[in-house]
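Have a look at the structure below before the remarks.
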Amino acid sequence: MAHLDEPISETEKIRVVSDFILHAPPGEFNEVFNDVRTILNDDRLLKEGASQAFTRYNKDQYTPCRIQGHPEPTLISEFGELEEGRFLDPRTHQSFAFDQLRKEASDYRPHPPHPIAEQWRAAFDQEITKYKNEHYKNGACAVYGAVDEKGDISLVLCIEAHQFAPQNFWNGRWRSRWTVTFSPGDEAELTGTLKAQVHYYEDGNVQLVSHKECLRSVHMKDPAEAARELTSLISEEENIYQNALAENYQTMSETTFKALRRQLPVTRTKFEWGKFMSYKIGSELKQA
Amino acid sequence: MSDQQLDCALDLMRRLPPQQIEKNLSSLIDLVPDLCEDLLSSVDQPLKVARDLTAGKDYLLCDYNRDGDSYRSPWSNTYSPPLEDGALPSQKLRNFEILANEAFDQYREMYFEGGVSSVYLWDLDHGFAGVVLIKKAGDGSKNIKGCWDSIHVIEVQEKSGGRMAHYKLTSTVMLWLQTNKQASGTMNLGGSLTRQTEADHAVTESQSHLINIGRMVEDMENKIRSMLNSIYFGKTKDIVNGLRSVIPSSDARVQEALRSDLAHALKSRQKMPDS
């Protein structure tokens, strides 16, 4: 906290402002950005320090992006980031320029996939996209494939689904990230991070913020077999998480909430304000 | 510019995760130090508890019982850390404040069966104002941490030579629920709801104010409790389930078709004469 006599430095202001922007709830980036702009009251500083804010936010949120001529959208993430503001759609083997404000792709160019990783990536992509369509009403997913210096293959899956209803004062988003690094034929570790965020803001500010880390073992036998096993494990883990959330909701409402404040006193009637006063007066008279 | 900045600051506090209210408020004040007092008085924060060692009772801290860096206890009516000439209610108002604290202490016990409450009053030109605070922390059973904070701000304007009064109540209830379990990871459901109401009531005897205020606060708290229940455990849960479905959509479609076939069959059964 700043000492009253010394205002905070410009660097610190930018750090604070960038942090606010990054924490904008799903669907409310523009509102948060405009709030921050008015509060900071220094467009030069904002432009200088927070110009990366849009990109960072879109990457962090796995913002979906429609791809011209293809039914399946891709998404914006750190795993698909190329140079000069361009991003990769691994499914259609293209790169594109991404307008961070309009959230639109343009200037498509072919982007040949990695020859070794691609058969694993494509097989997994096909299975998981079917899974995504079965479980996510308004979702997007992308599978990225790469090979590291040791020659291990890595696959990264990102899933995103959102519902925006600002006219009803609520927004929500789900994000999954699953990673497996392996040598073909071996057992490998499948790690996942699942995130759910909901914001309700009619006459208030209520948010659900939740995340879970997952870890499973998978046998990367061959591309087709691995794709099936990966999808099956992911489906299982995501169902466990969602069912566990539902169970928590039930316990919270039936046990925790009730124990905080009763609906009515044990007497089953409201508090007798008038009686309190007469008890008070009565006891005072007794003492007099 | 200041007014706009304050509006934007309040809007920002309605959007950033409430789980970080204190940190966000502190950062905001760093950004716009001129708005410090306005922000502290208009942004609700989770209530802190302090111990009144002389009275041997806990009391709640908020901007309304703060003077500088000290806070006034409603039990001993003194500031901690001690203040030379901290703001105090008039003697007449203090008498009423003592009564209000007793009444709401009982009210708190009836509804919350535990927790801490505090009432602070201050004089206005043609009436008085006050805040009723209640804090109740859960016992952490079932591995879920829960906490309830009530902040009821009341403004009373006397009218018609003291026979009527206009009451304005602004109530905020904060509800915090957190759990950290293997299957569900970290789940944090928190925030607040605010509602306002105003009404005229007769002031027929010396203790009418307490009865009028008490009833308004009680009715308001019951209403907000019901809203919290439906929004926290209904609405936000429905939103999550709208993002992802455990049942695959093709299964859901088959189930829906079966349901519709069954409904249709039952309907045609009903239309047939005695079978």
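The values are calculated or read from the model by the stated rules, or taken from the named source; none is laboratory data. Computed from a prediction, not measured in an experiment: that's the story for all the values here. Note that each Cβ is placed from the backbone with ideal geometry, even for glycine, and that neighbours are counted across all protein chains shown. Protein only, heavy atoms only, side chains kept; ligands, DNA and RNA dropped before computing areas. Shrake-Rupley method; radii C 1.70, N 1.55, O 1.52, S 1.80 Å.
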- Take the alpha carbon gyration tensor of the protein assembly as shown, find the square roots of its eigenvalues, order them as a ≥ b ≥ c, and report rounded if a/c is under 1.5; if not, report prolate when a/b exceeds b/c, else oblate. prolate
- Projecting the Cα atoms of B:Gly115, B:Asn101, B:Gln45 onto the charge dipole of the stretch B:5-160, where Lys and Arg contribute +1 and Asp and Glu -1 at Cβ, the residue farthest towards the positive end is B:Gly115
- Query: Quick one: ranking B:Asp30, B:Asp85, B:Asp261 by accessible area, 1.4 Å probe, largest first, what do you get?
  - Reply: B:Asp85, B:Asp261, B:Asp30
- Message: What distance in nm separates the two pseudo spin-label positions at B:Lys142 and B:Ala252, each 7 Å out from Cα along the beta-carbon direction?
- Response: 2.6 nm
- Rounded to the nearest 100 Å², what is the sum over both chains of accessible area buried where B meets A, with a probe of 1.4 Å? 8100 Å²
- Query: Per-residue mean of other chain beta-carbon atoms within 10 angstrom of the beta-carbon, peptide B:107-114?
  - Reply: 5
- Note on the structure: Exposed-loop cut sites defined as GluC sites (Glu not before Pro) in DSSP loop states with at most 16 other Cβ within 10 angstrom; longest site-free run of chain B spans B:114-204
- Query: Going through the stretch A:16-83, which trypsin sites (Lys or Arg not before Pro) have at most 16 other Cβ atoms within 10 Å and a DSSP loop state?
  - Reply: A:Arg66
- Query: Dipole of the stretch B:179-275, Cα-centred, from +1 at each Lys and Arg C-beta and -1 at each Asp and Glu C-beta, to the nearest 20 debye?
  - Reply: 620 debye
- Of all C-alpha pairs within chain A, those more than 30 angstrom apart amount in percent to 48 percent
- Message: Suppose we keep just the alpha-carbon trace of the stretch A:1-55; what are its Rg and Dmax in angstrom?
- Response: 11.6, 38
- Query: How crowded by other chains is A:261-274, given as the mean number of beta carbons from other chains within 10 Å of each beta carbon?
  - Reply: 6
- Query: Add -39500 (n - 2.57) for each DSSP H run of 4 or more in chain A, then divide by its residues: what number comes out at 222 nm, to the nearest 500 deg cm²/dmol?
  - Reply: -12000 deg cm²/dmol
- Message: Which of rounded, prolate or oblate describes the stretch B:35-129 when judged by the alpha-carbon gyration tensor and an a/c cut-off of 1.5?
- Response: rounded
- Message: If you count only protein heavy atoms with a 1.4 Å probe, what accessible area per residue comes out for the stretch A:78-118, rounded to a whole Å²?
- Response: 60 Å²
- Message: Once ligands and nucleic acids are excluded and a 1.4 Å probe is used, how much of A:His135 is accessible, expressed in Å² to the nearest 10?
- Response: 10 Å²
- With springs only between Cα atoms under 10 Å, which of B:Gly161, B:Gly115, B:Gly86 fluctuates most in a Gaussian network model of chain B? B:Gly161
- Item | Low-density loop positions, GluC sites (Glu not before Pro), the stretch A:117-214 - DSSP coil, at most 12 other Cβ in 10 Å | A:Glu149
- For the stretch A:1-134, what is the Kirkwood hydrodynamic radius in Å, using each pair of distinct C-alpha atoms? 17.1 Å
- Message: As an exercise, take the mean of 1/r over every pair of distinct alpha carbons in the stretch B:103-152, invert it, and state the Kirkwood radius in angstroms.
- Response: 12.4 Å
- Accessible heavy-atom area order of B:Thr236, A:Thr255, highest first, probe of 1.4 Å: A:Thr255, B:Thr236
- Query: Given the pairs A:Lys195/B:Lys48; B:Lys23/B:Lys223; B:Lys23/B:Lys145; A:Lys195/B:Lys223; A:Lys275/B:Lys159; A:Lys59/A:Lys212, which are separated by over 22 angstrom at their Cα positions?
  - Reply: A:Lys195/B:Lys48; B:Lys23/B:Lys223; A:Lys195/B:Lys223; A:Lys275/B:Lys159
- Of A:Pro112, A:His70, A:Tyr136, farthest towards positive along the dipole that unit charges on Lys, Arg, Asp, Glu beta carbons give the stretch A:48-151: A:Tyr136
- Straight-line reach from A:Lys221: which aspartates and glutamates have Cα under 17 Å away, leaving out those fewer than 8 places along the same chain? A:Glu118, A:Asp125, A:Glu127, A:Asp152, A:Asp186, A:Glu187, A:Glu189, A:Glu229
- Query: Which of these, B:Ser260, B:Ser208, B:Ser41, has the largest mean-square fluctuation under a Gaussian network model of chain B (Cα springs below 10 Å)?
  - Reply: B:Ser260
- Starting from the Cα gyration tensor of chain B, multiply each eigenvalue by 5, take the square root, and state the resulting semi-axes largest first in whole Å. 45, 26, 20
- Would you rank B:Met220, B:Met164 by solvent-accessible area, highest first, keeping every protein chain in place and using a 1.4 Å probe? B:Met164, B:Met220
- Whole-percent carbon and sulfur share, accessible surface of the protein assembly as shown, 1.4 Å: 49 percent
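Nearest 20 debye, what's the magnitude of the dipole of the stretch A:41-152 about its Cα centre given +1 on Lys and Arg Cβ and -1 on Asp and Glu Cβ?
About 380 debye.
Report, as an integer, the average count of C-beta atoms from other chains found within 10 Å of each Cβ along A:235-243.
Partner-chain Cβ atoms within 10 Å, mean over residues of A:235-243: 3.
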- Item | In degrees, nearest ten, helix B:249-271 long axis to first principal axis of chain B (Cα) | 70 degrees
